Structure formats: C-alpha cells, structure tokens
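Encoded as structure tokens, the structure appears first; notes follow it.
The values are calculated or read from the model by the stated rules, or taken from the named source; none is laboratory data. Keep in mind it's a predicted model, so treat the numbers as computed, not measured. FYI the Cβ positions are ideal-geometry reconstructions off the backbone, even for glycines, and counts take in every protein chain you see.
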Amino acid sequence: MVEGIVIERAGQKITVFVPEKNKSYRGIPLGKVKKKDKVYAGDKVKGRIVDSESFAIEVIEERKNLLIRPPIANVEKVVIVATIQNPPFQSFLMDNLLVVYSYLGLDTVIVFNKIDLLDEVGKEELQRWYTIYKNAGYKVIKTSAETKEGIEELRRELLGAISIFAGPSGVGKSSLISKLTGKELRIGEVSRKTERGKHTTREVRLIPFEGSFIGDAPGFSRVEALNFMEKEEVRFYFPEFLRYQCKYSDCLHLNEEGCEVREALKKGEISCERYKNYLKMTKEFVPWLKEVCD
Ligand SMILES: Nc1nc2c(ncn2[C@@H]2O[C@H](COP(=O)(O)OP(=O)(O)OP(=O)(O)O)[C@@H](O)[C@H]2O)c(=O)[nH]1
Ligand SMILES: [Mg+2]
Ligand SMILES: [Zn+2]
C-alpha cells in the first residue's frame, strides 16, 4: 500500500497528497473506511493509486488529535496570527486561543503581522505586547507579509511539524502562507468600516511545505476557554503562573492567603493585561485589582 495524507476535505471531495509521487489525487474511501470513520484534512491514510487521478483509501491511521474548528487531524503546532492595527489587537481572543491550544496539547507560536503598517503609536503598542508575551514564556515573531520581514524566522519555526494558522479574519494568515509556500491563496480585504476581515478563506486545506504541511483555515472571532475546560483548570495554561508556588497547591490566584501569583503581579513580574484576561476568562473578580493594576 501507498501512504498519503488528506490535504483537503470539502463536502464529498477528498484530496490526498502522496509524498512518494509528490502529487495530489482524488481520495475515494473504500466501503469499510466509509462506514467506520469520517475523513478529515490531516488524516494519514494508506491505500492504492487506482489511476493517474484517484487514490483508494483503505486505512485511516489512528489520529493523534482532532481539532474541531478548523476540522483538522494530527496538528502539532498552531501559529496564532494577530495584528496591532488593521484590525486592532484583541488580547482576550489571543489569551483564550493560547489557553485552549495548550490545553489540547499543541505547541503555540505568536505572530504579530502587518508590522509595515504601524504608525508611531502602533510601534509602541507592538513592543509592549511583544514584551508581555515574551515574558510570559511564549515564542513571538514579528512579521510583514508585505516586506517579508520575519518570514525567514517564521519558516524555521514551521519545519517538520504539521502547523495551522489561526486567528481572526483579516490579519494575514493566507498572505503569510502564500509567502512561505509560494502558493497563491485567496486573500481578502479588511473592511474600512468595521476594521474586520471578511472571512475570505472558506475551506480547510493543507499545503505541502518543506516535507511537512501548513493548514490555512477561516479566521474566527470567538473562542472561550470555559467551553473546553473547567474554571479550575485555566490557571495551568498561563505558563507564567506556573513559575510560582503558592501556599495552597489548589490556589486559583484570586484572594487566597499566601498567593505568590498576586505577589508577582504586585512586583510587576506578571503582566496586569494577562491577569485581567485570566479573571475575565474564569469570570472571577478580585477587590484589590484596581489598587494593583491601575
Ligand atoms: N500591509 C500589509 N498588508 C497585509 C499584510 N498581510 C496581509 N495583508 C493584507 O491584509 C488583508 C487580509 O489578508 P488575508 O491574508 O486574506 O487575511 P486572513 O487572515 O487569511 O483572513 P481570513 O481568510 O478572512 O481569515 C489583505 O488585503 C492582505 O493583502 C502585511 O504584512 N502588510
Ligand atoms: Mg485567509
Ligand atoms: Zn496563587
């Protein structure tokens, strides 16, 4: 049997890429596969090349994981793309995405794109957020799909892993993937009026990239950590909180006695922006917030 990977799943249409032939085929799931399992982009499959256009899928290998939005299997890394301006940065969305993907066991990389468009205020904002996420322990890359700044650094980050690009509409996910892979993708405008993208990318597809794959998917504007996990679990996915040992191991870093996270916040070792998003995410409140953070 020949090995392949499903790179596109759109309705009934399945596309299988066969690395051995460096070629894509129309995938036809055989009876036993069809009954047992749905086929997703990212699925590793085995089967036979029937003719120059068709690949009969006989086996779907066990999935390492399956994302729902976008529906892709076996993803290892998520590049979360954001912009500071055009459209404006949404740190709450960013922090929810970081928490959720980390909960799902995926590696995350933050990309601030469109740095060529920033005015003076924007440049300062970028530096501020860059430092916040760096200090929290994330990998952060500044890019421009326009001038290609940072593209090489991003390319190195993607080698050898199935990666997907996530983030709101209009931040330049498809533009970055086009620059990286040389493949033309549908690219949209950011509306002047709403300052939002228009959800130009509609389907999910993986693009072969230096021996691995990059997934382009539609942007999204809402993800909530509490749809994935219990309130008490969110704290495990703020890497900067894990550096501190509170008096009680089940400390939620709210009003507990001996909370070292609160001390770190007071000392400026943990950013107020991140902590405020933690509160918002868990729908909690602390009476001392204004005193410490304003
Ligand atoms: N100046 C500048 N414009 C960019 C950059 N990256 C993307 N754009 C523009 O931003 C707009 C949106 O880009 P897309 O690549 O379609 O954004 P997307 O994130 O794929 O959006 P959806 O598919 O809707 O989720 C297009 O007009 C791009 O040309 C950049 O680095 N600099
Ligand atoms: Mg797109
Ligand atoms: Zn604590």
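Residues in the range 104-125 that are more than 17 Å from residue 145 (Cβ to Cβ) and either at pLDDT below 95 or in a strand (DSSP E or B) (or both): 104, 105, 106, 107, 108.
Could you grab me the full set of residues in the range 237-273 that are basic (Lys, Arg), out of contact with any Cys (no Cβ under 8 Å at 6 or more places or on another chain) and assigned to a loop (DSSP other than H, G, I, E, B)? Listed by number, the list holds a single entry, 267. Every condition in (1) closer than 15 Å to residue 95 by Cβ; (2) out of contact with any Ser or Thr (no Cβ under 6 Å at 6 or more places or on another chain) is met by residue 234 except one, and the failing one is (2). In the condition set (1) in a helix (DSSP H, G or I); (2) surrounded by fewer than 20 Cβ atoms within 10 Å (Cβ to Cβ), residue 234 is compliant with all but (2). Annotation: of all residues in the range 67-104 being under 21 Å from residue 189 (Cα atoms) and touching a helix residue (DSSP H, G or I) at 6+ places or on another chain (Cβ under 6 Å), the one that is surrounded by the most Cβ atoms within 10 Å (Cβ to Cβ) is 81.
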